[in-house]
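Here's the structure, in structure tokens; my notes come after.
The values are calculated or read from the model by the stated rules, or taken from the named source; none is laboratory data. Keep in mind it's a predicted model, so treat the numbers as computed, not measured. Neighbour counts run over all protein chains shown; Cβ positions are idealised from the backbone, glycine included.
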Amino acid sequence: MRHSTLFFLSLACQAGLLALLLTHASFSESLQKTNLARKAELVENLRLTDLCLFTEARYTRHLSQADLNTAFQDHPLSLEHFPSGSFTQPTLEQFLP
Amino acid sequence: MTPWIEKQRYIIDFTISSLLRRKVKNIGLLALYTLIVFILASTMFFTYSIKKEAKLILQGSPEIVVQKIVAGRHDLFPVDYIEPIKAIRGVADVESRLWGYYYDSLVQANYTVLVPSRPVDKSQSNARTTVVVDPNDPHAADVDKPLYDYDGAAPEAGTIVIGNGVARMREIGVGDFMPFMAFDGQIMNLKVIGTLSAESELVSSDLILVNGADFRKLFGIAEQFVTDVIVTVKNPSEVGMVAGKIKKKLQSARPIIREEILRTYDSIFNWRGGMMIVVFSAAVLAFVIFAWDKASGLSAGERREIGILKAVGWETGDVIQMKFWEGAMVSLSAYFSGVILAYIHVFFTGSAVFEPALKGWSALYPHFSLTPYVNAEQLTTLFFLTVVPYTVATIVPTWRAATIDPDTAMRHTGE
Amino acid sequence: MIELLNVRKVFNAGSPSEFSAINGVDLRIAENRVTVLKGPSGSGKTTLLSIVGCMSRPSAGRVKLRDREITSLPERFLTDIRRKTFGFIFQQPNLIKGISVLENVMLPAYPLGEKRTTLKVKALHGLNELNLSGKAASKVEWLSGGEAQRVSIVRALINDPQIIIADEPTAHLDTKLSYRFMEIVEQFKAQGKTVIITSHDPLVYDSKTVDDVVNLRDGKLESEPA
Amino acid sequence: MILNPTIIANLLASYIGSFMLLYAAYYGVQILKHWNIDSGDELQLVLERKTYLISTVLSYVFGLQLLSLFLFIFTADALGPLFVGAMCAAGTLNVNGFGYPTLELKILNFILAGLWLVLNHADNQGYDYPLIKKKYWLLAVVAPFIVIETVLESFYFLGMRANVITSCCGSLFSSENVEGLGSEIAALPAKPVLWTFYLTMLATLSCGAFAYLKRRGGYVYAGLSLLMFAVSLLAIISAISLYIYELPTHHCPFCIIMEDYQYIGYLLYLLLFGGVVTGMGSGLLLPFREVASLKPLLGGIIGKLTLASVLMYALFTALVSYEILSSSLVISYEVVY
């Protein structure tokens, strides 16, 4: 087989695979819809405000509720001593417009 | 048109065989390139999905949360404040919330202890599943496992409902007792009467739902205080205005609007995604320099090859096309494989590479699988961040290579 | 067929290392003849050949091909003329390693975008003519010196050029192979092609096949043929 | 500033584009200064080689410009949630005064880069570089625009502050808000606009067909193709978008490139941009028909460009008509907003 045919074939394969994954994405998106709706319902019932992503310290748990009694985070741009600080910041935009 | 296509195919044929002749070098480049795309794509997929997930899930969170601030610090909210807020026009309802954190020294984890308010009444959907769990039969609930074995009602005194993460960490389940140390040193043994489902871990992993009286006993909070209050507004478009009125009326109050929370999460993950990319841009830059170097530092063999091509009748434009295809092959393959691998990494293996960073020092980390949200915007952004710099870095070296004099082939005497 | 008028070629113009490889050469190369450019090394043979073969442009003077002025044509047109008119045989076989003999032969035709099947037939036919049909699929590295030379001749002929240009073709060949090469040149002539060879090998310029000998020294033509 | 991957990508693209163009323009000026086709000097040979570099660079810039135009709109759209009241690109572009000018310049630069490539292609067909000076003058004209675009884009993105109250497409492009060009276009009655669109399109297409077949009226067609571009954009805002969104009040030219509408906008805009570049390109080449070295070829090139332009406009019209016919929205009476 010619190299160019192989090239286009492999390109098509990769694009096809990607398309397959994107289909998977949109498929699981609709599949997850009820699941998401139920999670949202739980959030609504329990009046939750935040994701349970960062549980290492108290003040990282409910980011939007900013528990201010904690060191190292009074300034919104202060460096975090907790590793999750590299992923989130103490909340910035919580003040009314 | 056909000669043009045929010509491109010839050029591609030749380009591939010339790439294959320098296998090690080119596979190294391809692997490095794929790695760069993979890291950037994983970051983008992860942050984007979590952003979207947060946006969808937190759609149900309270419209306005009002806290009390004393000296710039979060303080308990006096029940007396509730009536003045209720009196504000446009306010539909004000509910108090009782919640806090509890540090478990046994497993060194922080739990969120929460007193559930009454469930939101949705007359149109009363179909919420309530499963009474028989403590003697641990598999009773598996028959038709609902997402939540919990109907939203506050647990009775002496009982708790725990999040799945707590259950996992403490290795306890329904029917077990969990000891808590109250503020005054008293030990309270609370009975677990239910767990929140594993699927909801992203929001509920560390929750412990308790009865209001137990909560006050545990933390020593007097009856005239609550943690904060939730305000519901009659007309959703007036949320901002109502929040402003609350702030005006109660100077020490700090209203937090749902939209702000959502926007903030959006910003956080945007910022973090951007941060990651800025950090990785050093890697991208290093790669671009590497690509530049590889493209401009033609070996004697490569120069000779191009000289021969030009001597036998290839034009500068043809050589540029050849180099274009070379770049296109490398970058398209790297782009596609990087994106595909990143997708698998983030959505099938649960971001195994990122987990340590995300987890940080958390003792209690939720198990969750992200719902994939991938759109054209992310893919185009990735393309711009990876393929474009690579391509640009190779233009000038390409042109240099393509303008090698054809008579170098003639002047070449020794082998 | 090819006419050079007062052609000069200066390298590194304006810098201290400036030197002129060709100094005002007037030359006519007639059709269907075998012309040899003869001269010691450094006499400007190869430079002249590359100007004649449209590979490079003179610094001054005019070059005419079939009465068409081609001196100041842009490279892309020059290349187009070159690949259709000239076939090049180099001192070294100059084959590209790692691809098959057949692909090497087809290489000059790639930019023309001919259909692959017809091109392949043409290439195989050319290889057959020079007794190389058995080697079509083999890699270039496996060829002997004489075979490599013949492959490069087939490659020079793939676009059916009118003029064959050979630069010191016998420099790396033994006597037997050199004679074999001159036989091939003889065939070219019989087919009505024009052949231009640079050489300082008596075996070439004394051959009965050769019609004209041009002497070159220090970038100028020597008036009296030796 | 908002640190977002897509914003970084945008800025990166525009800096790279500007840099490449300036680089090319620098050599363009060298060529303008020292070009002498009759010389065989090394300088001339070097300059001739540089032309390859410049056209390669320009083709990349052109591609980049097209992609970044869409990326820009994408970004503006994706940033919507960060701003109070902004729901799509129409709102975020209004976050500060640099949004819309950047977009307009992007469109202009795309067209200019396309025209340059057309000129370059024609020039490459002539054996004596007949258009070389014009080509590099045009390059010198295009370069500052791209630089200005980059500057504006930087100001736009760097000047963004999240949580700024901005208008969204709901108020900006609805006729309630009677200020601004956007709303004035939107306020145009849909039906007459559609009529105008179809009539001008008919005129354009027939003029194009005439120009293609009879090789006359090329200038008229070039002018019409530009006019048609403007009319089409207008029609998209004031009428066509209504049919695509199936809402009688949603006038937004950006939302149609979103996933929700099957990315139909891409196809529409690609055809439209393609149509205007090829159409104007054919007009651009017309004055050079009599250049000796181009005479035998230029007619063909112009014809091809005209044909391409006509076909793209025709396809655009067909697509628009399909959208209108398959839409469940019926404007049977004049909606008074």
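Would you point out the residue of segment B:17-58, among those that are without any contact (Cβ under 8 Å) to a residue 40 or more places away in the chain and of a type outside the set (Lys, Arg), that is nearest to B:Thr232 (Cα to Cα)?
B:Leu56
I'm trying to understand the selection: among the residues of segment B:164-189, which are part of a strand (DSSP E or B) and in contact (Cβ under 8 Å) with a residue 12 or more places away in the chain?
Within segment B:164-189, B:Phe177, B:Met178, B:Phe180, B:Met188, B:Asn189 qualify.
Read through the list (1) within 14 Å of another protein chain (Cβ to nearest Cβ); (2) assigned to a helix (DSSP H, G or I); (3) closer than 28 Å to C:Asn32 by Cβ; (4) of a type in the set (A, V, I, L, M), then give the number of the only condition that C:Ile165 fails.
(2)
For residues that are in contact with a helix residue (DSSP H, G or I) (Cβ under 7 Å, 6 or more places away or on another chain) and either crowded, with 22+ Cβ neighbours inside 10 Å or aromatic (Phe, Trp, Tyr) (or both), scanning just segment C:75-92, find the one that is farthest from C:Ala30 (Cα to Cα).
Here the residue is C:Glu75.
Please determine whether any residue of segment D:259-281 is farther than 29 Å from B:Leu379 by Cα and among the charged types (D, E, K, R).
no
Looking for whichever is under 30 Å from C:Pro74 (Cα atoms) and of a type outside the set (Asp, Glu) here; the options are D:Leu234, D:Leu298, D:Leu311. Which one fits?
It is D:Leu298.
Would you mind stating whether C:Ser41 is surrounded by fewer than 15 Cβ atoms within 10 Å (Cβ to Cβ) and not in a strand (DSSP E or B)?
Yes: the conditions hold for C:Ser41.
Considering only residues that are surrounded by fewer than 20 Cβ atoms within 10 Å (Cβ to Cβ), among the hydrophobic types (A, V, I, L, M, F, W, C) and within 12 Å of B:Tyr390 (Cβ to Cβ), look in segment B:289-314 and name the one that is nearest to the other protein chains (Cβ to nearest Cβ).
B:Trp292
Report those helices (runs of 4 or more DSSP H) wholly inside segment D:221-337 carrying at least 2 residues which are more than 18 Å from D:Ala89 (Cα to Cα).
By residue number, D:264-285, D:295-326.
Mind checking which residues of segment C:178-206 are outside any helix (DSSP H, G or I) and in contact with a strand residue (DSSP E or B) (Cβ under 8 Å, 6 or more places away or on another chain)?
C:Lys193, C:Thr194, C:Val195, C:Ile196, C:Ile197, C:Thr198, C:Ser199, C:His200
Scanning for something out of contact with any helix residue (DSSP H, G or I) (no Cβ under 6 Å at 6 or more places or on another chain) and more than 8 Å from every other protein chain (Cβ to nearest Cβ), does segment B:264-271 turn up at least one residue?
So far as segment B:264-271 goes, no, none of its residues is out of contact with any helix residue (DSSP H, G or I) (no Cβ under 6 Å at 6 or more places or on another chain) and more than 8 Å from every other protein chain (Cβ to nearest Cβ).
Which of the numbered conditions does D:Ser309 fail, given that it passes all the others? Conditions: (1) among the polar types (S, T, N, Q); (2) closer than 24 Å to D:Ile73 by Cα; (3) surrounded by 16 or more Cβ atoms within 10 Å (Cβ to Cβ).
Tallying (1) among the polar types (S, T, N, Q); (2) closer than 24 Å to D:Ile73 by Cα; (3) surrounded by 16 or more Cβ atoms within 10 Å (Cβ to Cβ), D:Ser309 fails exactly one: (2).
Filter segment C:117-146 down to the residues that are under 20 Å from C:Gln92 (Cα atoms), more than 18 Å from the chain's Cα centre (by Cα) and assigned to a helix (DSSP H, G or I) and list them by number.
C:Leu127, C:Lys135, C:Val140, C:Glu141, C:Trp142, C:Gly145
Kindly check whether there is at least one residue in segment B:30-46 that is within 14 Å of chain A (Cβ to nearest Cβ) and not in a helix (DSSP H, G or I).
Within segment B:30-46, none of the residues are within 14 Å of chain A (Cβ to nearest Cβ) and not in a helix (DSSP H, G or I).
For segment B:68-90, which residues satisfy the criterion of being part of a strand (DSSP E or B) and either in contact with a helix residue (DSSP H, G or I) (Cβ under 6 Å, 6 or more places away or on another chain) or within 29 Å of A:Leu53 (Cα to Cα) (or both)?
B:Lys68, B:Ile69, B:Val70, B:Arg73, B:His74, B:Asp75, B:Phe77
Scan the helices (runs of 4 or more DSSP H) fully inside segment D:1-115 and keep the ones with 2 or more residues being buried (at least 19 other Cβ atoms within 10 Å of the Cβ) and facing chain B (nearest Cβ under 8 Å).
The helices (runs of 4 or more DSSP H) meeting that bar are D:5-34, D:42-78.
Could you check how many residues of segment C:58-80 are within 16 Å of the chain's Cα centre (by Cα) and within 28 Å of C:Tyr205 (Cβ to Cβ)?
1
Given the options C:Arg57, C:Arg76, name the one that is more than 10 Å from chain B (Cβ to nearest Cβ), among the basic types (Lys, Arg) and on the phi < 0 side of the Ramachandran plot.
Testing whether each residue is more than 10 Å from chain B (Cβ to nearest Cβ), among the basic types (Lys, Arg) and on the phi < 0 side of the Ramachandran plot leaves just C:Arg57.
Tell me, yes or no, whether segment B:320-342 has at least one residue that is at pLDDT 85 or above, more than 14 Å from chain C (Cβ to nearest Cβ), within 30 Å of B:Asp405 (Cβ to Cβ) and touching a Pro at 6+ places or on another chain (Cβ under 6 Å).
No: segment B:320-342 contains no residue that is at pLDDT 85 or above, more than 14 Å from chain C (Cβ to nearest Cβ), within 30 Å of B:Asp405 (Cβ to Cβ) and touching a Pro at 6+ places or on another chain (Cβ under 6 Å).
Go through segment A:1-12 and give me each residue that's facing chain B (nearest Cβ under 9 Å) and either out of contact with any helix residue (DSSP H, G or I) (no Cβ under 6 Å at 6 or more places or on another chain) or in a helix (DSSP H, G or I) (or both).
If the condition is that a residue be facing chain B (nearest Cβ under 9 Å) and either out of contact with any helix residue (DSSP H, G or I) (no Cβ under 6 Å at 6 or more places or on another chain) or in a helix (DSSP H, G or I) (or both), then A:His3, A:Ser4, A:Thr5, A:Leu6, A:Phe7, A:Phe8, A:Ser10, A:Leu11 are the ones that fit.
Of all residues in segment C:125-147 being surrounded by 15 or more Cβ atoms within 10 Å (Cβ to Cβ), modelled with pLDDT under 90 and among the aliphatic types (A, V, I, L, M), which is farthest from C:Ile81 (Cα to Cα)?
This residue is C:Leu143.
(1) among the hydroxyl-bearing types (Ser, Thr, Tyr); (2) more than 7 Å from chain D (Cβ to nearest Cβ); (3) within 34 Å of the chain's Cα centre (by Cα): which one isn't true of B:Thr380, the others all being true?
The failed condition is (2).
Can you tell which of C:Lys122, C:Lys97 is of a type outside the set (Gly, Ala, Ser), modelled with pLDDT of 90 or more and touching a helix residue (DSSP H, G or I) at 6+ places or on another chain (Cβ under 9 Å)?
Sole residue among the options that is of a type outside the set (Gly, Ala, Ser), modelled with pLDDT of 90 or more and touching a helix residue (DSSP H, G or I) at 6+ places or on another chain (Cβ under 9 Å): C:Lys122.
How many residues are among the hydrophobic types (A, V, I, L, M, F, W, C), over 12 Å from B:Tyr102 (Cβ atoms) and within 13 Å of chain A (Cβ to nearest Cβ) if we restrict to segment B:159-208?
The total comes to 6.
For the structure I just gave you, tell me whether B:Val65 is surrounded by fewer than 20 Cβ atoms within 10 Å (Cβ to Cβ) and either among the aliphatic types (A, V, I, L, M) or touching a helix residue (DSSP H, G or I) at 6+ places or on another chain (Cβ under 9 Å) (or both).
Answer is no for this residue.
For A:Asp74, state whether it is exposed (fewer than 15 other Cβ atoms within 10 Å of the Cβ), at pLDDT below 80 and facing another protein chain (nearest Cβ under 9 Å).
yes
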